[in-house]
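Worksheet: the structure to be examined is printed underneath.
Bear in mind that the values in this text are calculations on the coordinates, not laboratory data. Predicted model, so just to flag it, every value in this text is computed and none were measured. Here the Cβ is made from the backbone with ideal geometry for all residues, glycine too, and neighbour counts use every protein chain on show.
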Amino acid sequence: MKYPLLIGVIVVCLFSVGSAVAKAKGEITILQKDRSFVQDGSQVSSLVVKTGVVLRFENADPFAHNVFSLSPLKKFDLGSYPKGQAKTVVFNKVGTAEIECAIHPQMFLEVTVE
Amino acid sequence: MKPIKLTLILGSVVGLAAAGYGGYTVFSEQMLSELQKQYAQPTLEIPAKNQTTPQRVQLGKTLFFDPRLSGSNWISCATCHNPAMGWSDGLPTAIGNNQQLLERATPTITNVAYNKLHMWDGRFRSLEKQALGPIEAPEEMNQNVDELVKELSSLADYVKMFEAAYPGEGISKDTIAKALANFQRTIVASNSPFDEWIKGKEGAISIAAKNGFKLFNGKANCNKCHMGHNFADNGFHNIGLKNSGDDQGRFSIRPVEISKGAFKTPTLRDITKTAPYMHNGIYATLEEVIDHYDRGGDIKSNLSPNIEPLNLSKIEKQELLEFLKSLVGDSEFVAVPELPTQLISGKESS
């Protein structure tokens, strides 16, 4: 009986630590919804974040989305993925990046990293 | 209303039909009310510096039909965007300067004002920026725009028309582009049976078309790209077409892997007027288009995840076709403008 309890405590501790770390670095979820970037229920076209932030892009539309940036600050291409899936990108340098969806170019987000 | 909600509502209606409502889709008043919102005609976004006026539209129309806008003085915008052919040319791919066969089809300019980006690869962000593109392109109209400004400035009626449309701005690249954009914003599809139906005229479209609409939003996946009033998502997709050659489409503008072979989603408004279909004009009929999507495309390399085999029955294909036909609106009579000929010097232009 001791072991399951111990394992449970360890798991809870690990989970808590993981959350704390994520919070300290900053994880921000951006929904891809109605062909827009949405944060906390509102469309977002610009975002100011701290270095080390993790941006998590979650597809909430019933069709595929993509996320990419060709900005020198952070060049990346997260490919395309369907509803319910999410992909993350970390920003470790100060500067500005323009993020788009290659499928729906009206989805545009300027990220300023301080 | 979001597509997912529509799917849910339609799904519940299918249940009703199966329960003995005649074997076809029933659309309640509430559903039609939701559809009216989803397909409502959006307000046009018109730049503050180029608001619509009758003088600007008339000038743009005159320029649009004037072959002197090309280097050869033989090709006008209307040569390829012919109002008698759904503002396109009826050709698989366009024919440009010196009769050269171009790589891409002439897109219709019907409802072009609702597009966020222009051209098959979306290279231009506004109609004002797009207007000079084909005029200056060597393979299309092959016109030196500085020369064009001189040509137009020598014609008395154009001098008057530009002054009436853009007082004090003169004849310039900028005012030529603005006038053409202004005119193009007036080319809007109207009064389709589909629109009549969602407004409540039950018999405006056939039962087959209603079933086709259900398929369009369900089994056939069409609404993943063809959405909203203009039946287009302003997006770019590789739909697996054969015979695309080396044309990489959107990738040439945004070099991201998924953009390879991706082209802009065209409107489906007035669709029967604009055959052949696809960016390379590969299909002569809508039946061929439906078969293409039913197969899940042909070339699987970099294929959009929205494209997959549909397993449509023969009847379902016919119903989809009937629905597409319901998107064809009234044909507007287009009076061809008389072109200025009187030179400022008093002589007639040759």
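Structure values in brief
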quantity: Förster radius 41 Å - calculated FRET efficiency between B:LYS242 and A:ASP40 (Cβ-Cβ, nearest 0.05); calculated: 0.35
quantity: Distant-in-sequence amide H partners of A:VAL67 (H built 1.01 Å from N, under 5 Å); calculated: A:LEU78, A:GLY79, A:ALA102
quantity: Residue pairs, from the table A:LYS83/B:LYS37; B:LYS61/B:LYS260; B:LYS49/B:LYS260; A:LYS50/B:LYS264; B:LYS264/B:LYS300, whose Cα atoms sit over 27 Å apart; calculated: B:LYS61/B:LYS260; B:LYS49/B:LYS260; A:LYS50/B:LYS264
quantity: Neighbourhood charge, 13 Å Cβ-Cβ cut-off, centred on B:ALA113 and excluding it, Lys, Arg +1 and Asp, Glu -1; calculated: +1
quantity: For residues of A:79-86, the mean tally of beta carbons on other chains within 10 Å; calculated: 2
quantity: Cβ neighbours within 10 Å from other chains - mean over A:93-103; calculated: 3
quantity: Local net charge near B:LYS61, Cβ-Cβ under 13 Å (Lys/Arg +1, Asp/Glu -1); calculated: -1
quantity: Amide H within-cut-off set for A:THR96, under 5 Å, with H built and near neighbours excluded; calculated: A:VAL113
quantity: Among B:140-152, B:56-68, the order from most to least packed when residues are scored by Cβ within 10 Å on average; calculated: B:56-68, B:140-152
quantity: Order by protection proxy (mean Cβ within 10 Å, highest first), peptides B:155-166, B:171-182; calculated: B:171-182, B:155-166
quantity: Extreme residue, positive dipole direction of the protein assembly as shown, given options B:SER252, B:ALA204, B:LEU155 (C-beta unit charges); calculated: B:SER252
quantity: Dipole in debye (nearest 20) - chain B, about Cα centre, beta carbon charges: Lys, Arg +1; Asp, Glu -1; calculated: 880 debye
quantity: Dipole of chain B, positive direction: furthest Cα of B:LEU343, B:ALA262, B:GLN130, with charges on the beta-carbon; calculated: B:ALA262
quantity: Nearest-ten-degree value, helix B:314-325 long axis tilted from longest Cα axis of chain B; calculated: 40 degrees
quantity: Long-range amide H partners of A:THR29 with built H, under 5 Å; calculated: A:ARG56
quantity: Number of partner chain Cβ atoms within 10 Å, mean per residue of B:255-266; calculated: 4
quantity: Relative exposure of B:THR285, B:THR265, judged by other C-beta atoms within 10 Å (fewest first); calculated: B:THR285, B:THR265
quantity: Rounded to 10°, Cα long-axis angle of helix B:54-64 versus longest principal axis of chain B; calculated: 90 degrees
quantity: Estimated vicinal HN-Hα couplings, Hz - region B:333-340 in sequence order (Karplus 6.51, -1.76, 1.60; Gly, Pro = x); calculated: 6, 10, 7, 6, x, 7, 8, x
quantity: Cα shape, the protein assembly as shown, gyration tensor, a/c 1.5 rule; calculated: oblate
quantity: Cα long-axis angle, helix B:156-165 against chain B (0 to 90 degrees, to the nearest 10); calculated: 50 degrees
quantity: Dipole magnitude of region B:193-350, debye to nearest 20 (Cβ charges: Lys/Arg +1, Asp/Glu -1, about Cα centre); calculated: 400 debye
quantity: Cβ-based net charge around B:GLU139, under 13 Å, with every Lys or Arg adding one and every Asp or Glu removing one; calculated: -2
quantity: Among B:MET227, B:MET278, B:TRP120 - extreme Cα towards positive end, dipole of the protein assembly as shown, charges at beta-carbon; calculated: B:MET227
quantity: Karplus 3J(HN,Hα) series, Hz, for region B:32-46 with 6.51 cos²θ - 1.76 cosθ + 1.60 (x for Gly, Pro); calculated: 5, 4, 5, 5, 4, 5, 5, 10, 4, 5, x, 6, 5, 8, 10
